[in-house]
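Below: the structure, in structure tokens.
The values are calculated or read from the model by the stated rules, or taken from the named source; none is laboratory data. Fair warning: this is a prediction, and the values are worked out from it, not measured in the lab. As a convention, Cβ positions derive from the backbone with ideal geometry for all residues, glycine included, and neighbour counts pool all protein chains shown. Areas reflect the complete protein model, heavy atoms only, side chains present, ligands, DNA and RNA absent. Shrake-Rupley method; radii C 1.70, N 1.55, O 1.52, S 1.80 Å.
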Amino acid sequence: MKKKIFTLDGFCGGGGVSSGMKKAVEELGLEQVGVAINHWETAVLTMRKNHPKLNTLRMSMESAEPTELFPGRVINLAWFSPSCTHHSRAK
């Protein structure tokens with residue numbers, strides 16, 4: 001059984017960050033257990049299509065509680081992309 005690495009992709013979108021995390025985790029011979037979050041429905045739906053194994057949730061970063069996203073676990077790798085609401089269709 002592979003050791004699990006718990007990852008969080010904050011402000012997820014198309015899934016590029018999660019793809020990179022998945023590749024890094026796999027190259028280390030580990031298993032990714034991931035959560036991705038975004039407040040915008042389109043980003044959440046896109047993420048779910050591109051990464052169906054990740055738990056993708058629609059919520060704001062301000063309401064995200066790490067202890068609720070990963071009960072009893074420690075997040076090993078987290079990425080928080082800058083908000084794109086000023087320069088993209090997410091506006």
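Quick one: count up the residues across the stretch 1-23 that are open to solvent by less than 70 Å² (accessible area, probe 1.4 Å) and in a helix (DSSP H, G or I).
Summing the residues that are open to solvent by less than 70 Å² (accessible area, probe 1.4 Å) and in a helix (DSSP H, G or I) in the stretch 1-23 gives 6.
Kindly indicate which of Lys23, Lys49, Lys2 is in contact with a Gly (Cβ under 9 Å, 6 or more places away or on another chain) and without any contact (Cβ under 8 Å) to a residue 12 or more places away in the chain.
Every option except Lys49 fails the conditions.
For the stretch 24-83, list the strands (runs of 3 or more DSSP E) that sit wholly inside it and hold at least 2 residues that are among the hydrophobic types (A, V, I, L, M, F, W, C) and surrounded by 14 or more Cβ atoms within 10 Å (Cβ to Cβ); which are they?
Hits in the stretch 24-83: 31-38, 77-80.
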